[in-house]
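Before any comments, here is the structure.
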Amino acid sequence: MATTERAEPAKGAELEPVYVWDVLVRLTHWLIVFSMLVLAATGFYIGRPFVTAGGPAGQNFVTGWVKIVHAYAAIVFTLAVVSRIVWMFLGPRRSGWRQFIPVAPRRRRELVSSAKFYMFLERTPPQNIGHNPLAGLTYVAVYGLYLVMILSGFALYSVSSHSYMHVWHFLLPWVHGAQNMRWIHHVTMWLLLGFVVHHLYSAIMVARVEKNGVIDSIFSGYKFLPKNRPPDDQR
């Protein structure tokens, strides 16, 4: 008979290093982080250019170079996001889609307790090897925003493109033109920047409560977890 009780680590429980985040997960994570920062900075400038260069624009090409940097950062961002999505289905269990969609009964039960922890109604979060169930579902929404950002960027690029990227022009009529698509692109950027703030806050809070090296793990891949934790197949 299933139980809804959580297995909490006892105070002073023996911990062991567990390899949670593989190389591709960590690599795509940091590529997304740094490309997002570049995209946000260059995107702000493209929306409101503020550098006045003396002489002909063709010789200075300031905004043009910013757009080039924006385009290459967008390529890195797109490849990282697509690689991570593919890895959800081809990678190991701890990196797989079950970490995002709570198909296991245990993870469905822990959705409520995860929410209570973030609302300060419970002292400790559910004990999970990877993402807790609520965080996993949140990342589904975040990856949805990533795809909106990518597709809206492709559509905007198609306006001035004379190459194969013009194929994405068909997306513009869906939102009644480039101006509405630009607005969607801009709002999505702000939503993602808001998530970055929330993500940092949540990571620091969980790290202080669980004391399992969760922040260090995105560099090393290892978290420190109790030896008496439930096995992977119960998550």
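Read-outs: derived from the displayed coordinates by stated rules, not from any lab. This one's a predicted model, so the numbers in the text were calculated from it and none came from an experiment. For neighbour counting, all protein chains shown are included, and Cβ atoms are generated from backbone atoms with ideal geometry for every residue, glycine included.
Using only alpha-carbon positions, what ratio does the radius of gyration of segment 15-234 give when scaled by 2.2 N^0.38 Å?
For segment 15-234, the normalised Cα radius of gyration comes out at 1.20.
Do you know the Lys pair count in the chain for C-alpha distances under 28 Å, with sequence separation 8 or more or different chains?
For the chain, the number of qualifying lysine pairs is 9.
Build a GNM of the chain with springs between Cα atoms under 10 Å: which of THR138, THR188, THR52 gets the top mean-square fluctuation?
Looking only at THR138, THR188, THR52, the largest GNM fluctuation is found for THR52.
Using helices alone, what [θ] at 222 nm do you get for the chain, with -39,500 (n - 2.57) per DSSP H run of 4 or more residues, divided over all residues and rounded to the nearest 500?
Value at 222 nm, helices only: -20500 deg cm²/dmol.
Between helix 62-90 and the chain, what is the angle of the helix's C-alpha long axis to the longest principal axis, kept within 0 to 90° and rounded to the nearest 10?
For 62-90 against the chain, the angle is about 30 degrees.
Angle between the Cα long axis of helix 105-118 and the longest principal axis of the chain, 0 to 90 degrees, nearest 10?
For 105-118 against the chain, the angle is about 70 degrees.
For ARG93, ARG182, what ranking results if the residue with the fewest other Cβ atoms within 10 Å of its Cβ goes first?
Final ranking by Cβ density, sparse to dense: ARG93, ARG182.
Between segment 79-127 and segment 131-177, how far is it from one alpha carbon centroid to the other, in angstrom?
24
Measure nothing fancy, just the Cα-based angle from helix 133-160's long axis to the longest principal axis of the chain, in degrees from 0 to 90, nearest 10.
10
Evaluate the relative contact order of segment 15-234 (contact order divided by residue number), counting alpha-carbon pairs under 8 angstrom at least 6 apart; express in whole percent.
Averaging sequence separation for qualifying contacts and normalising by length gives 27 percent for segment 15-234.
Please return the longest stretch of the chain lacking exposed loop sites, where chymotrypsin sites (Phe, Trp or Tyr not before Pro) count only if DSSP places them in a loop and at most 11 other Cβ atoms lie within 10 Å.
That would be 121-235.
Using the number of other C-beta atoms within 10 angstrom as an exposure proxy, rank LEU193, LEU225 with the fewest first.
Exposure proxy ranking, most exposed first: LEU193, LEU225.
Excluding the sites themselves, what is the longest stretch of the chain that contains no GluC sites (Glu not before Pro) in a DSSP loop with at most 13 other C-beta atoms within 10 Å?
Segment 15-235 is the longest.
Putting +1 on Lys and Arg Cβ atoms and -1 on Asp and Glu Cβ atoms, find which of LEU111, THR52, PHE154 reaches farthest to the positive end of the dipole of the chain.
LEU111
What order do you get for MET189, MET165, MET149 when you list them from fewest to most C-beta neighbours inside 10 Å?
Taking fewest neighbouring Cβ atoms as first place, the list is MET165, MET189, MET149.
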